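Taking it in order: structure first as structure tokens, then the write-up.
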Amino acid sequence: MLWRRCTLLGALLAVLPLVQAFLDPVSLSLTGIGIAAMSLYAGWNNLGCGMNLKECCNEKNIIANFTKLERSLMNQVFGQHLVIDIVVKALRGHFYRGHPSKALAMSFHGWPGGGKNYVSQFITNSLYAKGSRSQFVHFFAGKLHFPLQEKADIYRMHLQDWIRGNVSQCSRSTFIFDEVDKMPRGVLDAVKPFIDHHEHIDGVDYRHAIFIFLSNTGGSTITKRHLQLWQSGKSREDFELRDFEDLIRKGAFNEAGKVPSMRQVGEAQRRYYWTSILACVSIELRDFEDLIRKGSFNEAGEVPSMRQVGEAQRCYYWTSILACLSIELRDFEDLIRKGAFNEAGGFHKNEAIESNLIDHYVPFLPLEEKHVRLCVIEEFKKRGVKSPHEELVDEILKDVTFGPDEHQIFSNSGCKRLSHKVLTLIERLQYRDTMSQKHTTEDTHSYHSYTRH
């Protein structure tokens, strides 16, 4: 009863200016009606927010729980310690370290299945009470929302209108762009004004907004650098951001658009192998970050397969050791700077990259078998199997392929496609369990025999 009385009272207070306008002919005007209508909307809006009848741009709905975010990433995202460190600190700083000078822009790069979408879901679930279902979260998929290159100008205008309208309603809006590498060139130029250093544009402050870009570009470059560090004896867990940043900064892709042969890529890796052993000792995480930035800016075409990367790796094993003795690190860096591949997509020659407006280039490392195994166990847990036997996990891993061919250490699809495989296996075992109850035999293994509860 109390909420009904409050609703009625709020409505009466809101329409009072309108009633007054009609009772006083002198004050009856379009201006009076407009003010009354605005009062009515404001009254209902405030009432709806106060009674949780609608999602509003306030602390009740924008929870910004970074403790939850860090815990979720630590427990459910495997093999991506660099991602966890960068993302949590970047978001926490954006929210709590004074008034930001610009909108936060993060670009996630790496092979499919590395966890880019997965991490973005944890972000929205930690920032908003309604998670990814919040009206303040806006998701765009490259192929779905921007399918045609010839309509890039139209997409760009519509995207700017969408961003402008939604940030006007809530300054803490989040925009996620998936499949950036599949977007028509020029579409993402629409974002540039909103992530630049402006206090406001046409009266709207965009500095509290968040922009996240997800792309497969740079995946091959990150994989090659990972292999180089691994061959130099550096543990994956010891990788730091500068291990990737310098390589990214010098660029991974060819502006001329010509794809060099695998022999050229292998030659570069062969030369780097003999100069990197000592150099890698002091390398940290940022060696990847700028490479992704320059790589996304210049990429065109398809991301090379793990098999192609493996072919490049094999090349340096079969080339002359003596030829390497006079080659220095800058020989490899120059090849990287000029580029190995030229991938087209939404970030190709993008103004935001050219103007250095992306705050964080986040490398998602390729996943090894131990990480995929943890993903499989997590999928079983989601389906009520708390401690699956190793036999179940091994059964799923039989369908996972690894590369490059020479080393077979990285999953070609990351942790993708595991969910349905786990579901299928559970259904098969449960069916077998049901049948075994009807026809018990010594050779029949039940579903429960493969699980530890």
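The values are calculated or read from the model by the stated rules, or taken from the named source; none is laboratory data. All figures in this text were calculated on a predicted structure; none of them were measured in a lab. Note that we place each Cβ from the backbone using ideal geometry, even for glycine, and neighbour counts take in every protein chain shown. Calculation scope for accessible area: heavy atoms of the full protein, side chains included, ligands and nucleic acids excluded. Shrake-Rupley method; radii C 1.70, N 1.55, O 1.52, S 1.80 Å.
Listed values, structure above:
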item: Within region 187-210, tally of residues that are out of contact with any Pro (no Cβ under 9 Å at 6 or more places or on another chain), part of a loop (DSSP other than H, G, I, E, B) and open to solvent by 10 Å² or more (accessible area, probe 1.4 Å); result: 8
item: Subset tally (residues that are open to solvent by 90 Å² or more (accessible area, probe 1.4 Å), assigned to a loop (DSSP other than H, G, I, E, B) and under 23 Å from ASN117 (Cα atoms)) for region 378-433; result: 2
item: Residues located in region 50-85, provided they are modelled with pLDDT of 95 or more, buried (at least 21 other Cβ atoms within 10 Å of the Cβ) and part of a helix (DSSP H, G or I); result: LEU69, LEU73
item: Boolean, VAL88 is open to solvent by less than 10 Å² (accessible area, probe 1.4 Å), in a helix (DSSP H, G or I), free of Cβ contacts under 8 Å to residues at least 24 places away in the same chain and closer than 23 Å to GLU237 by Cβ; result: yes
item: Matching residues in region 141-163 - criterion: being surrounded by 13 or more Cβ atoms within 10 Å (Cβ to Cβ) and either under 22 Å from the mean Cα position of the chain (by Cα) or closer than 18 Å to ILE212 by Cβ (or both); result: ALA141, GLY142, HIS145, PHE146, PRO147, TYR155, ARG156, LEU159, GLN160, TRP162, ILE163
item: Search result, residues across region 116-166 that are modelled with pLDDT under 95 and in contact with a strand residue (DSSP E or B) (Cβ under 7 Å, 6 or more places away or on another chain); result: GLY142
